[in-house]
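**Student:** Structure below; questions to follow.
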Amino acid sequence: MESVRCGAVEDAVISPAPIKPACLFACLPQTLLISTTEGTVLSLLSMSVFGPVVKIHPVVLASICDSYERRNEGASRVIGTLLGTIDKHSIEVTNCFSVPHNESEDEVAVDMEFAKNMYELHKRVSPTEVIIGWYATGFDITEHSVLIHEYYSREASNPIHLTVDTALQSGKMNIRAYVSAQMGVPGKTVGVMFTPLTVKYVYYDTERIGVDLLQRTRLTPSRTNGLTSDLSQVGGAAARVQDMLTTVLAYIEDVLSGKVTADNSVGRFLMDLVNKVPTISPEDFENMLNSNINDLLMVTYLSNLTQAQIALNEKLVLL
C-alpha cells in the first residue's frame, strides 16, 4: 500500500491510498486475485499442507463468537489479538481478546493502546502466552485486512490471520488460518499473498466438560442444558469407555476373521494400550476400589460436618 500512518494517540489510524471503485477481480484456478491500482492481495483458496499446523482451543472460538454478538451497532465485523505458543511444527492458539476498531471505505482505525494494555494484563496471568497473530470475523480478506496484518507483523514474527465466518455465509462456520508473504517486482506494484494453513481443533481435559455440555444443547428444543452431577459424569465417562472397547473388540474380530485388513499402526496403538493396563486380579481390584470409595466417603462426611459446625458457630456468635 502507498501509505501506512500510525499516530501516537489512543486510536491509530491506518490509511491506505484511496481505493478506486474500478477493482479487478480475476478468479484463477484455486486462487483469488484482488488487484487495485495501488496493491494486490492474493489469497489461495485451497487448503495448504505446508507450513505450521494451527491448533485452536474451544475457548478461543467461544470468545470470538461472544465478541461478534456484543459488537457495536453498525459494525460489520470484529477483530482481535490471538495469544498462544509457537513451536517448530505448530502454532497453538489458547486465548484471545477483541480490539476496538472502526472501518470505513477508505480507512481503518484501530485502538492500539487498548491492545497493548490488554496484552500486558494477559502477560501477568499467563506469561508463556505471546502474540501470534490476529482474528477477524467474516469470510473474505479485504484491503483493510492487509493493513491490520502489517501492524501485527511489527508485534509478532510472521503472524497468522484467522478468519471466522460468524455470519454463516456458507451455511456453516468456516474457520481458516493464513500466513502472509510479500510478492511483486521491486520498485513496481507490491502485493501480499495469503497462504492458508491446516487448522485443527484441540482441547484440554478441563475444556472437554464445556464442549460436551455445548454438544448436549443441540438435542434440546430450548438450546439450554444444565450441569450434570459428578456421578452422572462418571457414568457417562464409563459408558463412553465401554463403547470404545466395543468398537475395538469388533475391529479385532473383523481382522481375525479376515473381513478387514490389519493396520500396523492400529496394532501398535492397541499393544501400547494393553501394556499400560496393570496386571491385577479381580479380587485385588475390587478391594482397592472399595478402599478408595470408603476414603472418599469419609472425606465427604468430614467436610459436611465441618461445614455444619461453621454454620452453627456463626449463628451462636450472632446471639
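The values are calculated or read from the model by the stated rules, or taken from the named source; none is laboratory data. Just so you know, these numbers come straight off a predicted model, no measurement behind them. Cβ coordinates were reconstructed from backbone atoms using ideal geometry, including for glycine residues, and neighbour counts include every protein chain displayed. Heavy atoms of the whole protein, side chains included, go into the accessibility calculation; ligands, DNA and RNA do not. Shrake-Rupley method; radii C 1.70, N 1.55, O 1.52, S 1.80 Å.
**Student:** Using the Karplus curve 6.51 cos²θ - 1.76 cosθ + 1.60 with θ = phi - 60°, work out ³J(HN,Hα) for each residue of the range 228-241 in order, rounded to whole Hz, and write x for Gly and Pro.
**Tutor:** Here the 3J(HN,Hα) series is 8, 6, 4, 5, 5, 5, 5, x, x, 5, 5, 5, 5, 4 Hz.
**Student:** Using only the Cα atoms of the range 54-138, each taken as one equal point scatterer with no solvent, compute I(q) by the Debye sum, divide by I(0), and report log10 of the ratio at q = 0.13, 0.18, 0.25 Å⁻¹.
**Tutor:** Normalising to I(0) and taking log10 leaves -0.43, -0.80, -1.29.
**Student:** Based only on Cα atoms, what Rg/Rh ratio does the range 142-209 have, Rh being taken as Kirkwood's radius?
**Tutor:** Radius of gyration over Kirkwood radius for the range 142-209 works out to 1.09.
**Student:** Still on this structure, please answer the following. Suppose a student asked you for the relative contact order of the range 60-133, using Cα pairs under 8 Å spaced at least 6 residues apart; what percent would you report?
**Tutor:** 32
**Student:** 5 Å is the cut-off here: which amide hydrogens, built 1.01 Å from N in the peptide plane, fall below it relative to V108, excluding neighbours closer than 5 in sequence?
**Tutor:** Close amide H contacts, sequence-distant or interchain: I14.
**Student:** Compare H89, H122, H149 by solvent-accessible area with a 1.4 Å probe and give them largest first, with all protein chains kept in place.
**Tutor:** H89, H122, H149
**Student:** Could you compute Rg(Cα) / (2.2 N^0.38 Å) for the range 161-312, with N its residue count? Intermediate values should be presented prior to the final figure.
**Tutor:** Numbers: Rg = 26.0 Å, N = 152, 2.2 N^0.38 = 14.8 Å.
The value comes to 1.75.
**Student:** Please list, in chain and number order, the residues 5+ apart from I56 or on another chain whose amide H is under 5 Å from its amide H, with Hs placed from the backbone.
**Tutor:** Close amide H contacts, sequence-distant or interchain: V93, K200, Y201, V202.
**Student:** At 7 Å along Cα-to-Cβ for each site, give me the label-to-label distance between M288 and V53 in nm.
**Tutor:** The two pseudo-label positions are separated by 3.3 nm.
**Student:** Mind grabbing the accessible area of I252 for me, 1.4 Å probe, Å², rounded to tens?
**Tutor:** Taking all protein chains as shown, I252 has close to 60 Å².
**Student:** Then there's this: Which whole-number percent gives the relative contact order of the range 147-237, counting Cα pairs below 8 Å spaced six or more residues apart?
**Tutor:** Numbers: 73 pairs, mean separation 13.5, N = 91.
Relative contact order for the range 147-237 comes out at 15 percent.
**Student:** Something else now. Would you please put 228-238, 76-86 in order of how densely packed they are, using the mean number of other Cβ atoms within 10 angstrom per residue and starting with the highest?
**Tutor:** Final packing ranking: 76-86, 228-238.
**Student:** Right, another one. Which order do the peptides 107-114, 68-75, 156-163 come out in when sorted by mean C-beta neighbours inside 10 angstrom, highest first?
**Tutor:** Result, highest mean first: 156-163, 107-114, 68-75.
**Student:** How large is the Kirkwood hydrodynamic radius of the range 228-311, counting all unique pairs of alpha carbons, in Å? Don't jump to the answer; show the numbers that get you there.
**Tutor:** Numbers: mean 1/r = 0.0594 Å⁻¹.
The Cα-based Kirkwood calculation yields 16.8 Å.
**Student:** Counting alpha carbon pairs within less than 8 Å and at least 6 residues apart, what relative contact order, in whole percent, applies to the range 78-206?
**Tutor:** The value is 18 percent.
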